[in-house]
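Colleague: First the structure, then my questions, so here it is.
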Amino acid sequence: MNTPESLKYTKEHEWLRIEDDCAYIGITDFAQGELGEIVYVEVETVGETIAKDEVFGTVEAVKTTSDLYMPLSGEVLEFNSKLDENDGDQPELINSDPYGDGWVIKIKISDPAELDSLMDSAAYTELVG
């Protein structure tokens, strides 16, 4: 299982790459492995400000659909166009490159203090064991 040390993680299996006052968010290698083949990603919250732990979208795999949760409060700035059915339509990037081209959204962080609630790589690896 791949858990890059440069990222932050949540118990809901999202990862974050922090860049200044923004963050890229996706689902972890562990999560995509559990879900199986990703066939569709829906994010209709671009432009909205969403509170920490609220649902910002869904990911659909062959065997299930899962909600995606905001790891930090913030404004959804962008949905990865490569995953969007109206643009790139490559949801399988979450399976093949979860920490790279498979990112899901970019947000502007509202409350930087919430970063303290996130896990580092070691803590996340321990969580998923």
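Nothing in this text is a laboratory measurement; each read-out follows from the coordinates by a stated rule. It should be emphasised that the depicted structure is a prediction, and the values quoted were computed from it without experimental measurement. Cβ sites come from the backbone with ideal geometry, for glycine too, and all protein chains shown count toward neighbours.
Colleague: Report those strands (runs of 3 or more DSSP E) wholly inside the stretch 32-129 carrying at least 3 residues which are out of contact with any Phe, Trp or Tyr (no Cβ under 8 Å at 6 or more places or on another chain), surrounded by 13 or more Cβ atoms within 10 Å (Cβ to Cβ) and not aliphatic (A, V, I, L, M).
Modeller: Per the criteria, 74-79.
Colleague: Which residues, taken from the stretch 19-40, are out of contact with any helix residue (DSSP H, G or I) (no Cβ under 7 Å at 6 or more places or on another chain) and among the hydrophobic types (A, V, I, L, M, F, W, C)?
Modeller: C22, A23, I25, A31, L35, V39
Colleague: Let me ask something else about it. Name the residues in the stretch 3-31 that are assigned to a loop (DSSP other than H, G, I, E, B) and either buried (at least 21 other Cβ atoms within 10 Å of the Cβ) or in contact with a Phe, Trp or Tyr (Cβ under 7 Å, 6 or more places away or on another chain) (or both), would you? Spell out how you get there, then give the answer.
Modeller: Of the residues in the stretch 3-31, the ones assigned to a loop (DSSP other than H, G, I, E, B) are 3-7, 10-13, 20-21, 28.
Scanning the stretch 3-31 gives T3, P4, L7, T10, E12, H13, T28.
Colleague: Also, I was wondering about something else. Working carefully through the options E42, E5, E75, E14, find the one that is farther than 21 Å from A113 by Cα and in contact (Cβ under 8 Å) with a residue 12 or more places away in the chain.
Modeller: E42
Colleague: Against the condition aliphatic (A, V, I, L, M), touching a Lys or Arg at 6+ places or on another chain (Cβ under 6 Å) and closer than 26 Å to G129 by Cβ, how does L68 come out, does it pass?
Modeller: Answer is no for this residue.
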